[in-house]
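One structure below.
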Amino acid sequence: MKRVVNGKIVLLGIILAWVLLVRFLTGCSADSRQEEKVRDLDFTVTAENEIPEELKQIIQEKQKAPFKLTYSDEQSLYIAVGYGEQATGGYSIAVKALYLTPNSIIYDTELLGPEKSEESGSEKSYPYIVVKTEFLEEPVVFE
């Protein structure tokens, strides 16, 4: 009888060790939501005529599919997000967050559809946004 009890204790110990190991490994993941915000970053939405030519060319090549990219000129950091081909026009993009954490820059945008009362046309569109912020070397995490 004593062996069965010890066997259950060993099995319980193994299960407990497994749960703790899994909890530890997932708790240490690089989930940006767990990172502490250091500060918000100031930014400006970059007008098309102010986008560096090299970046503008990359965007034109990638615009038919969704894309996320960064570009720097050693003075400023440009962060671009495109939502690919849309059936109509009238879309806009909202910047929900742009902030610095100890290890990265967090950038979150949202595609907003055309208003029901708005004429969106029948031509396809390729909505994208480019923001310009201070030059930082931390990697950008797109959410």
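Values in this text are rule-based calculations from the coordinates and carry no lab data. Predicted, not measured: the structure shown is a model, and the values here were computed from it. So basically every Cβ, Gly included, is an ideal-geometry build from the backbone, and we count neighbours across all protein chains shown.
Structure values in brief
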{"quantity": "Of Lys37/Lys68; Lys37/Lys116; Lys56/Lys124; Lys62/Lys96, pairs whose Cα-Cα distance is over 29 Å", "calculated": "Lys37/Lys116"}
{"quantity": "Length-normalised contact order for segment 34-142 - Cα pairs under 8 Å, 6+ apart - percent", "calculated": "36 percent"}
{"quantity": "Neighbour-count order for Asp42, Asp108, fewest beta carbons within 10 angstrom listed first", "calculated": "Asp42, Asp108"}
{"quantity": "Trypsin sites (Lys or Arg not before Pro) within segment 75-131: DSSP coil, no more than 14 neighbouring Cβ in 10 Å", "calculated": "Lys116, Lys124"}
{"quantity": "Three-way shape label, segment 34-142, alpha-carbon gyration tensor, a/c 1.5", "calculated": "prolate"}
